[in-house]
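**Student:** Below: one structure in structure tokens.
Nothing in this text is a laboratory measurement; each read-out follows from the coordinates by a stated rule. These numbers come from a predicted model, not from an experiment. Cβ sites come from the backbone with ideal geometry, for glycine too, and all protein chains shown count toward neighbours.
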């Protein structure tokens, strides 16, 4: 696999970071206007559907994160990049778990955990996320990602490095364990590795 990454100058990175941050801030203002601007824009805000507000916020977040990841990869190399995100995984998992608890999502069987995980990924990454769940057996389920905002953005930027497969594998295993300590999750297919879809297998430990 080609491991060359597109170079990104510091100026270009900072400019992109500014654009992404501005878009994210705009999305936040649209979704949570009361926190930032009181009631002054309600009449205008009503003209923007909630779906559009969500899309603006998530698209900005995806774009911003990819620029950051590319910069880290470029400066530190693949091994340090992976080492950093493996250490950070408990933090990321905790953020998702807060949302699970906040919205009262329950279930600890492989199929229900797969459903919760896909719901969280869609909430976090946006409505372009498409997932398919198959219950292989009572103790085993398959979760396939048929559409991914992160992957689409990576492709549009012509980035050839694998910025996500290891991170997705660590995340999924860490996430299912906070819902049921007896579960494991393994990424068995990944688009960056040449597969047509990404797929996790979630199952109870023997």
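**Student:** Can you put 103, 171 in order, fewest other beta carbons within 10 Å first? Walk me through the numbers before you get to the answer.
**Tutor:** Working: 103 12, 171 22.
Final ranking by Cβ density, sparse to dense: 103, 171.
**Student:** Could you check the simple spin-label distance between residue 186 and residue 105, using points 7 Å along Cα→Cβ, in nm with one decimal?
**Tutor:** About 2.4 nm separates the two model spin labels.
**Student:** Using r as the Cβ-Cβ distance of residue 44 and residue 205, and R0 as 45 Å, what FRET efficiency do you calculate, to the nearest 0.05?
**Tutor:** Efficiency for this residue pair is about 0.30.
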